[in-house]
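Enquirer: Please see the structure below; I have some questions.
The values are calculated or read from the model by the stated rules, or taken from the named source; none is laboratory data. Just so we're clear, the structure is a prediction, and the values are computed from it rather than from any experiment. For neighbour counting, all protein chains shown are included, and Cβ atoms are generated from backbone atoms with ideal geometry for every residue, glycine included. With ligands, DNA and RNA removed, areas are computed over all heavy atoms of the protein, side chains included. Shrake-Rupley method; radii C 1.70, N 1.55, O 1.52, S 1.80 Å.
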Amino acid sequence: MSLNKVMLIGNVGKEPDVRYLDNGVAVASLTLATTERGYRLQNGTDVPERTEWHNIVLWRGLAETVEKYVHKGDKLFVEGKIRSRSYDDQNGVKRYITEIFADNMEMLSPRSQANQASSLSASSSPSASAQVQGGKEDLPF
């Protein structure tokens, strides 16, 4: 028996890149930053915070949702499988990449933050969470 499952909560590092294949299928790529807080050991040694960057790939309905609603800085929950692949770059050098192929995504940023990122006003609107599984969307707005 084996299991390949990843669950991440983090912040989107840059605007998602959404493409459409010739057959009309949407594919989105984004980076997600997860940060472990720094702390101090009992002997006084400071351990700094550590940020990991994850490459996320979303297909079909998830990609379309990302295109419409997800922006740089938004907080996301992503669940999926980890996959590694290699490719040759422009100079013929073999490169390796590890990606998370998302099966499920939930937006965790408040709706007011997502819609008014440049505004400094605080709002008490409910969380704009959208769960999408297998291409079916359940958006609360």
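Enquirer: Condition first: in contact (Cβ under 8 Å) with a residue 40 or more places away in the chain and closer than 24 Å to MET105 by Cβ. Can you find one or more residues in the range 31-46 that meet it?
Expert: yes
Enquirer: If you go through the range 52-101, how many residues are hydrophobic (A, V, I, L, M, F, W, C) and open to solvent by 70 Å² or more (accessible area, probe 1.4 Å)?
Expert: 3
Enquirer: Take the conditions at pLDDT below 50 and within 25 Å of THR35 (Cα to Cα) and apply them to GLN113. Does it pass?
Expert: no
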